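Just below is one structure, and these are the notes that go with it.
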Amino acid sequence: MKSSPLPANLFIKNRSKLKRSLEPGSVAVVCSGERVPRSRDQYYPYRQQSDFFYLTGIGQEGFVLFISPDHPREEYREILLMRDQTEKDRVWSGPKLAAGEVSALSGISHIRRMDEMDQLIAELVPPAGLIYFNLPDDTVQRAQMSSPDARVYHKVISRYPHLNSARLSPLLTPLRMIKEPEEVAEIRKACAITAEAFTSALSVIRPGMKEYEAEAEIIAAFIRAGAEGHAFDPILACGEHALILHYNENGGTCAAGALLLMDFGAEVNCYAADCSRTVPVSGRFSERQLALYDAVHRIFGKARDMMKPGVLLDELHQRVGELWQEEHIRLGLYTQEEAGRQDPPGSLWKKFYMHGTSHSIGLDVHDPFDRNVPLQPGMVLSCEPAIYLPEEVLGIRLENVILITETGAEDLMSQIPMDAGEIERLMRVGAA
Ligand SMILES: [Mn+2]
């Protein structure tokens, strides 16, 4: 990866947290992600499987991690199997990590060869009461079952059909929900690079440009700053395109007078940033656009203030919906009376605000999260109120990354301009 590696101590800490959650006498198996073929000799860009990265810090394919914390012999408690590199691989792709480097990155001392897997399974599985596999909870994904984790699962289960097995993600989710300081540091870097990208994008926005011209500025800023690239497919959505929540074509023309919604974020060392800003293509909001924008901005501030330890995400979202109802009425989208007789009660605002207010952010831009758990210090989440108005051919979303602290929250994107006047001023400076 482009960034300097994270300290192995983080991954040692992560594994010891997982070991404490495993059932006594059990074994956990976690595979690295694999390269996904695109065509003939081409592959999609490689990205490590997030759980495997969380436990090892290794960004490369061809590994299987076995953890058996209660094994009587120390050398069996943590083993990383590593695929041998072929000569052809070396010629085309250069040297892969050596075993010593793998140990230094992960803090795992017992590195063995992948062809020892069958023997290792025969040694570890029969005495274990329970084997954890890293399988998706989604039944559709599970039916596809083509991941390295699924292949190991099938290998083990075909040999030991009466095996007691369980999914790892219910144990990993609560761990990944709380970020260690080293993880927050990477997210801060991703946010700082995302801030630079916003400044770059803002400097080129003008009527008649293509959405992808702003996208080009964003990726240029990411790569220049040493980020891996986008943490997710960026959304550059002008006018009606902003009404498509996951619009990724970015091929439209930015019309004078329209609003451009940008949702983008850098990835640094596998950690994501996630930012949304909505700006006037001509550099000035119309009176109506400003009224709508300021409503989103006000609700953003109130929602961010509500994000603190003890709050449930569903409570937060419901409160934000109630705030929206007041704003919607003020903006003339419906009357107090209509709000009074809505069916089901308290649902009218959802017509103009269809997505959630907050999701967890970490190794994945939509990081694993349990919505039944109240916010706690160390959680990192988005705050992203929005309004979508098909009749007015616009969508406005404002989104920052928020760190929950002991006393409340810290906005990790407070440096990225959001105030309407500030955005207009910056666009004037850019145009001059
Ligand atoms: Mn988001």
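Scan the range 197-208 for residues that are in contact with a helix residue (DSSP H, G or I) (Cβ under 6 Å, 6 or more places away or on another chain) and surrounded by fewer than 18 Cβ atoms within 10 Å (Cβ to Cβ) and jot them down. Once the filter is applied, which keeps residues that are in contact with a helix residue (DSSP H, G or I) (Cβ under 6 Å, 6 or more places away or on another chain) and surrounded by fewer than 18 Cβ atoms within 10 Å (Cβ to Cβ), the range 197-208 yields Ser203, Val204. Scanning the range 329-357 for residues that are free of Cβ contacts under 8 Å to residues at least 40 places away in the same chain and surrounded by 19 or more Cβ atoms within 10 Å (Cβ to Cβ) yields Leu348, Trp349, Phe352, Tyr353. For the range 105-120, what are the residues that are open to solvent by 80 Å² or more (accessible area, probe 1.4 Å), assigned to a helix (DSSP H, G or I) and charged (D, E, K, R)? If the condition is that a residue be open to solvent by 80 Å² or more (accessible area, probe 1.4 Å), assigned to a helix (DSSP H, G or I) and charged (D, E, K, R), then Asp115 is the only one that fits.
Among the residues making up the range 226-243, those that are more than 17 Å from Val393 (Cα to Cα) and without any contact (Cβ under 8 Å) to a residue 40 or more places away in the chain are His230, Asp233, Pro234. All of Leu389, Leu412, Leu403, Leu394 fail the test of being of a type in the set (A, V, I, L, M) and within 14 Å of the ligand (Cβ to nearest atom), apart from Leu412. Selection of the range 273-303 for residues being more than 16 Å from the ligand (Cβ to nearest atom) and of a type in the set (Lys, Arg) yields Arg284, Arg288, Arg298, Lys302. Whenever a residue of the range 255-272 is on the phi < 0 side of the Ramachandran plot and in the same structural domain as Arg284 (by TED's automatic domain parsing), its partners that are modelled with pLDDT under 95 and assigned to a loop (DSSP other than H, G, I, E, B), lying with C-beta atoms within less than 8 angstrom and at least six residues away or across chains, give the pairs Val268/Ser3. For Met306, the criteria (1) out of contact with any Lys or Arg (no Cβ under 7 Å at 6 or more places or on another chain); (2) more than 15 Å from the ligand (Cβ to nearest atom); (3) without any contact (Cβ under 8 Å) to a residue 60 or more places away in the chain hold in every case but one, which is (1). Got at least one residue in the range 187-197 being assigned to a helix (DSSP H, G or I) and more than 24 Å from the chain's Cα centre (by Cα)? Looking for residues that are assigned to a helix (DSSP H, G or I) and more than 24 Å from the chain's Cα centre (by Cα), one finds none in the range 187-197, hence no. Across the range 236-268, the number of residues qualifying as polar (S, T, N, Q) and assigned to a loop (DSSP other than H, G, I, E, B) comes to 2.
Taken over the range 186-196, the criterion of being closer than 14 Å to Met379 by Cα and open to solvent by 40 Å² or more (accessible area, probe 1.4 Å) is satisfied by Arg188 alone.
Of the helices (runs of 4 or more DSSP H) contained entirely in the range 1-104, those carrying at least 1 residues that are assigned by TED's automatic domain parsing to the domain that holds Ala122 and open to solvent by 80 Å² or more (accessible area, probe 1.4 Å) fall at 8-21, 87-93.
The values are calculated or read from the model by the stated rules, or taken from the named source; none is laboratory data. For clarity, every value in this text was computed on a predicted model and none was experimentally measured. When we count neighbours, we look across all protein chains shown, and the Cβ atoms used for this are built from the backbone with ideal geometry, even at glycine. Just the protein is used for accessible areas: all its heavy atoms, side chains included, with ligands, DNA and RNA removed. Shrake-Rupley method; radii C 1.70, N 1.55, O 1.52, S 1.80 Å.
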